[in-house]
Amino acid sequence: MIKRNARDLGSILKELMEENTLLKSRIAENRVLRAWKEILGEGVSKYTSNLYIKRGVLFVHLNSSVLRAELMMNKKGLIEKLNEYAEMDIIRDIVMR
């Protein structure tokens, strides 16, 4: 079998990511959801019951009103850290319920 135009899988995936912006944004959203636990730690994750992203807004359900107030004060910095982790500007706002 003759191999023509053989390329490594990494370059093919990189090219696919550059062409498909929807796929790229979905992967970045998934990174943000994983980053929540890594950035804020296990303690905050215990009080978080539901995380999802809709139209650039991260919705977070919290069981602690004290924690909610603390996170609301640091919302801007948190958005910057999450977007930095995702390597894209995915999150515009965070709604904490």
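Just one of the listed residues (I53, I39, I90) is touching a residue at least 24 places away in the same chain (Cβ under 8 Å), in a loop (DSSP other than H, G, I, E, B) and closer than 30 Å to L16 by Cα, namely I90.
When you check E42 against the structure, is it farther than 16 Å from K81 by Cα, at pLDDT below 85 and surrounded by fewer than 12 Cβ atoms within 10 Å (Cβ to Cβ), yes or no? When the stated conditions are applied, E42 does not pass them. Of all residues in region 25-77, those that are among the hydroxyl-bearing types (S, T, Y) and touching a strand residue (DSSP E or B) at 6+ places or on another chain (Cβ under 9 Å) total 4. Counting the residues of region 59-93 that are of a type in the set (V, I, T) and touching a Phe, Trp or Tyr at 6+ places or on another chain (Cβ under 8 Å) gives 1.
Each residue in region 1-20 was checked for being at pLDDT 80 or above and charged (D, E, K, R), and 5 pass. Just for region 70-92: of the residues that are more than 13 Å from W36 (Cβ to Cβ) and of a type outside the set (D, E), which one is surrounded by the most Cβ atoms within 10 Å (Cβ to Cβ)? The extreme case among them is M88. Among the residues of region 69-87, those that are in a helix (DSSP H, G or I) and free of Cβ contacts under 8 Å to residues at least 12 places away in the same chain comprise A69, E70, M73, K76, G77, E80, E84. Of the residues making up region 25-39, those that are basic (K, R) and either within 14 Å of V57 (Cα to Cα) or exposed (fewer than 15 other Cβ atoms within 10 Å of the Cβ) (or both) are R26, R34, K37. Within the set R92, R97, R55, the sole residue that is within 19 Å of N30 (Cα to Cα) and out of contact with any Gly (no Cβ under 7 Å at 6 or more places or on another chain) turns out to be R55.
Of the numbered criteria (1) surrounded by 12 or more Cβ atoms within 10 Å (Cβ to Cβ); (2) assigned to a helix (DSSP H, G or I); (3) not hydroxyl-bearing (S, T, Y), the one I12 fails is (1).
The values are calculated or read from the model by the stated rules, or taken from the named source; none is laboratory data. What you see is a predicted model; the values in this text were computed from it and never measured. Reconstructed Cβ throughout: ideal geometry from the backbone, glycine too, with neighbour counts over all protein chains shown.
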